[in-house]
There are 2 protein chains.
Amino acid sequence: MVSAFDLCIETEYRGLGSLVFCGEMKEPMAMGIVVQKFGGSSVRDTACIKRVARRIKTEMDGGSKVVVVVSAQGRTTDELMRKARAVTSRPPQREMDMLLATGEQMSVALLAMAVDALGCPVVSLTGAQGGIFTDHRHMKAKIQSVHSGRIAQELDSGRVVIVAGFQGISDRDDITTLGRGGSDTTAVALAAALEADVCEIYTDVEGIYTADPRMEPRARKLREIGYGEMLEMASLGALVLQPRAVEMAAHYGVAIHVRSSFSQSPGTWVKEEATMEREVLVTGVTSDVDCAKIVLVDIPDDISVLHQVFSNLSGVGINVDMIIQTSKEQHTTDLTFTVAEADVEQALDVIKQADAVKDSAIVYDENVAKVSIVGAGMMSNPGVAAAMFGCLNEAKIPVQLVSTSEIKVSCLIPRARIQEAVQACHRQFELDFVV
Amino acid sequence: MVSAFDLCIETEYRGLGSLVFCGEMKEPMAMGIVVQKFGGSSVRDTACIKRVARRIKTEMDGGSKVVVVVSAQGRTTDELMRKARAVTSRPPQREMDMLLATGEQMSVALLAMAVDALGCPVVSLTGAQGGIFTDHRHMKAKIQSVHSGRIAQELDSGRVVIVAGFQGISDRDDITTLGRGGSDTTAVALAAALEADVCEIYTDVEGIYTADPRMEPRARKLREIGYGEMLEMASLGALVLQPRAVEMAAHYGVAIHVRSSFSQSPGTWVKEEATMEREVLVTGVTSDVDCAKIVLVDIPDDISVLHQVFSNLSGVGINVDMIIQTSKEQHTTDLTFTVAEADVEQALDVIKQADAVKDSAIVYDENVAKVSIVGAGMMSNPGVAAAMFGCLNEAKIPVQLVSTSEIKVSCLIPRARIQEAVQACHRQFELDFVV
């Protein structure tokens, strides 16, 4: 178990700067606006599309103005990627965006047809038509401004507006995509721009749980969770919401309601911590098995070496997590960190390109996983980390690395022990009793 | 055999008015521009896409500036239509366009990837990005203007430009499609706007033949054909080129080269009749089995009745061909005409809505086909029609209806006899000897 760490750099979700919202919404509309986002599994086939259409119709009948954001159907995006790879192993990213954007364009058109068939006025829009302007970074573009004029106008004419998620347009008039899960971000950006009452994220689970119910059957659905906690949970492997979307929602104060597209029961509200009614130390336990540990042995103990290694990794877009440097004798050091499992090979290649470490031994281990506890309540309570280590120790689960933030503690452990670890933490912090 | 007809109205391809071309091509470019159009079968799978990419590369290496127009892959459009119909039997046309446009967007992206993989700078554009502006008639939009600024700029930067055929954008920023085969029209419109040297239409046959080779094995490939003849041939069932594209090419003097995407040999040039070197009466024989005959028996002999019937048909978009009215005693008349076979049912419905004929007997016959001879040379030669009737009579093929234009004669005959009829005409006008 590692008890001291000299250096700890957390993966950062960069500040958004400020989004520009352009539109002509001079005065608040009489009726509230609801933004509903449906993921790929919610529209995976005709029956699902029709169910979503009925849901939209119900919301319209209730008197709301409805904006819907949809992802590509089921596995469409994977299928398109497969087609591209059949043509070339290195498709240009601009052309990948041109290709991938067709997935959402298909779903918005099909969903609009289904809504129309219920007798409800409707119009579908691509990201570009919906005024989603992004920067030029193809396949991982960031939304820079939302020109909501067309959407506001369609809403005013009494139509449901269905917008393609995941995509936008750059100021060079090129189609861009926001990266996997970007539809959540589209939904939150539109909710912010339109000053919607709520951004509903429909998914195939009932809400946010204290732990992944597949790991811990005693996990309970949370009634609400703060932005900060949700951001940690999302970053740590709770795949229901994209961290970028949570970050944007926090920035613009958009209330998110995560709920199931298969039931009518309320899900989990994601909102300001200040509105929380309860006082608990730990809100949830997350696990992430998509990680691998890399150790550079006996490298020069020099900050410029670290800079070179991590610059090279970030240069090829590899996110690094849980960095630990342990000083040794004779001005050498061991540098340990984790990356996503899929990035290991490329990471090793890139590391070897750094002059200072090219002759060092490099060890890696893919049989690791990360268990984390998250909670705004732990901010001023140092005993929480100790209690976590205690319960893992009691279960005889060895901890290889630790990293912390103000509202979470993460431990790297052997992958085979992850479920045990989640259950131990869940029990330790009495999450079974949180409603 | 009908020997006299009182009234003959031909289906008309409406005048284009004038297309607006906007761009910044102040002076002629040093290198010639070639527009190449590849149909759905030319890009139906990965191997085909790669072959097309190599063809484009060869053209680039020869020093041309290349603009490529592509259709949706293989049966993609049919597949998308099937998806829409699974959702609703009456999909709104605007949403159909939204859906169908994804087909070409996929092909341009994949083809651009293949061209890029050959080390050739390339960019793909949607119809909207390519500046194809249309009217608002969804699923059968007409191109109104071409804003070629982006394309010219990409060509100037040395890139191959791959534009999605079949689609455009209206001035309301809605995606439109040009109807089946609209990619030909896109290619010709771009060739006109860019003042291209040639518009090459790649297809799965070697060019334009004196007859459909499946009907007449002795059919010969034409070296060239005039716009007017090509227009008649295309309208009469030679499916290689869209009539609208031919009409636009004639209007703007765009030279079209119809050729095979599977071979390097020259195909057929479509250009001004004036440049023709040969003097033949008949250029080709066409056949069309996609027709049905409708007869309204004993209706009032009154032009307002005809107006009502045909207005109703045109109101639902049904094209009528070969109209014949035969006056009878007691101020009644029989009205005979043909429509596409798929339109019969709807045509009968619509006709019954006309007050004046709602009580008349209606007879229809789907076992008919149309054989036509086409040739600019017949314009001042009345003997051509007689020779056609003669050869059909000699083969004992009964002629049910006749219609003519300055450069064609069409006869409606029993469908079972169509191949015999094509071969009889082909022989009669000595087309075997035309090179």
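One decimal, nm, shortest first: give the distances between the label point of B:Lys352 and those of the same position in the other copies, each label point 7 Å from Cα along Cα→Cβ.
With the label placed 7 Å along Cα→Cβ, B:Lys352 yields 7.8 nm.
Using the Cα centre as the reference, give the magnitude of the dipole from point charges on the C-beta atoms of the stretch B:164-323 (Lys, Arg: +1; Asp, Glu: -1; all else neutral), rounded to the nearest 20 debye.
500 debye
Apply the Karplus parameterisation 6.51 cos²θ - 1.76 cosθ + 1.60, with θ equal to phi minus 60°, to every residue of the stretch B:389-398 and state each ³J(HN,Hα) to the nearest whole Hz, in sequence, with x for glycine and proline.
Listing the rounded values in order: 4, x, 5, 5, 4, 4, 7, 6, 9, x Hz.
Over all residues in A:80-92, what is the mean tally of Cβ atoms on other chains that come within 10 Å of each residue's Cβ?
Average neighbour count from other chains, rounded to a whole number: 5.
Take every DSSP beta bridge whose two residues both sit in the protein assembly as shown, then give the antiparallel share in percent to the nearest 5.
Bridges in the protein assembly as shown that DSSP calls antiparallel: roughly 60 percent.
For chain B, modelled as a GNM with alpha-carbon contacts under 10 angstrom, which of B:Leu100, B:Leu281, B:Leu80 fluctuates the most?
The residue that fluctuates most here is B:Leu80.
Calculate for chain B the 222 nm mean residue ellipticity that helices alone would give, adding -39,500 (n - 2.57) per DSSP H run of length 4 or more and normalising by residue count, nearest 500 deg cm²/dmol.
For chain B, the value works out to -10000 deg cm²/dmol.
Can you give the average number of partner chain beta-carbon atoms within 10 Å of each beta-carbon in peptide A:121-129, as a whole number?
4
Determine the dipole magnitude for the protein assembly as shown: charges of +1 sit on the beta-carbon of Lys and Arg, -1 on that of Asp and Glu, nothing else is charged, the reference point is the Cα centre, and the result goes in debye to the nearest 20.
1160 debye
Which distances, in nm and shortest first, link the A:Gly62 label point to the same label point in every other copy, taking 7 Å along Cα→Cβ?
Label point to label point, same position, other copies: 6.3 nm.
DSSP loop GluC sites (Glu not before Pro) in the stretch A:372-435 with at most 16 other Cβ atoms within 10 Å of their Cβ, which ones?
A:Glu406, A:Glu430
Please give the Cα centre distance for the stretch A:176-229 versus the stretch A:71-131, rounded to the nearest Å.
The distance from the Cα centre of the stretch A:176-229 to that of the stretch A:71-131 comes to 21 Å.
Based on the inverse mean of 1/r over its pairs of different Cα atoms, what is the Kirkwood hydrodynamic radius of the stretch B:20-278, in Å?
By the Kirkwood definition, the hydrodynamic radius is 18.4 Å.
Counting alpha carbon pairs within less than 8 Å and at least 6 residues apart, what relative contact order, in whole percent, applies to chain B?
Value for chain B: 16 percent.
Say we join alpha carbon atoms closer than 10 Å with springs in a Gaussian network model of chain B; which of B:Gly228, B:Gly284, B:Gly74 then has the biggest fluctuation?
Among B:Gly228, B:Gly284, B:Gly74, the largest GNM mean-square fluctuation belongs to B:Gly74.
What residues have an amide H closer than 5 Å to that of B:Gln400, excluding those fewer than 5 places away on the same chain, when H is modeled at 1.01 Å from N in the peptide plane?
B:Leu412, B:Ile413
Which listed residue (A:Leu99, B:Val316, B:Ile294) has the Cα farthest towards the positive end of the charge dipole for the protein assembly as shown, taking +1 on Lys and Arg C-beta and -1 on Asp and Glu C-beta about the Cα centre?
The residue sitting farthest along the positive end of the dipole is B:Ile294.
Need one number: convex hull volume per residue for the protein assembly as shown, Cα atoms only, in Å³.
Normalising the Cα hull of the protein assembly as shown by residue number yields 199 Å³.
Find, among the residues of chain A, the one whose Cβ sits nearest the axis of the rotation taking A to B; state the distance in whole Å.
A:Thr102, 2
Treat each spin label as a single point 7 Å out from the Cα along the C-beta direction, and report the B:Asn393 to B:Gln330 distance in nm.
Each label point lies 7 Å from its Cα, and together they span 3.3 nm.
Let's test the formula: R0 of 25 Å, r as the Cβ-Cβ distance of B:Ala386 and B:Asp302. What FRET efficiency results, to the nearest 0.05?
Using R0 = 25 Å, I get an efficiency of 0.15.
Looking at the stretch A:386-435, which trypsin sites (Lys or Arg not before Pro) are DSSP coil and have at most 13 other C-beta atoms within 10 Å of their C-beta?
Passing both the DSSP loop test and the Cβ count: A:Lys396.
Suppose a student asked you for the relative contact order of the stretch A:28-279, using Cα pairs under 8 Å spaced at least 6 residues apart; what percent would you report?
Value for the stretch A:28-279: 20 percent.
Other chains near A:43-50: what is the mean number of their Cβ atoms within 10 Å of each residue's Cβ?
Partner Cβ neighbours, averaged per residue: 2.
Could you run the Karplus curve 6.51 cos²θ - 1.76 cosθ + 1.60 with θ = phi - 60° over the stretch B:59-71 and give me ³J(HN,Hα) per residue in whole Hz, x for Gly and Pro?
Per-residue couplings from phi come out as 5, 4, 4, x, x, 7, 8, 10, 10, 10, 10, 10, 8 Hz.
Express the C-alpha Rg of chain B as a ratio against the empirical globular expectation 2.2 N^0.38 Å, rounded to two decimals.
Rg over 2.2 N^0.38 Å, computed on Cα atoms: 1.04.
Could you pull the copy-to-copy label distances for A:Asn367, with points set 7 Å along Cα to Cβ, in nm to one decimal and sorted shortest first?
7.9
Strictly over 31 Å apart at the Cα level, which of A:Lys358/A:Lys408; A:Lys221/A:Lys396; B:Lys37/B:Lys408; A:Lys352/B:Lys57; B:Lys358/B:Lys396; A:Lys57/A:Lys83 would you flag in this model?
Going by Cα-Cα distance, A:Lys358/A:Lys408; A:Lys352/B:Lys57; B:Lys358/B:Lys396; A:Lys57/A:Lys83 fall outside the 31 Å limit.
Here, each number is a calculation from the coordinates, and none is a lab measurement. As the structure is a prediction and not an experimental result, all values here were calculated from the model. Don't worry about glycine lacking a Cβ; one is built from the backbone with ideal geometry, like all the others, and counts go over all protein chains shown.
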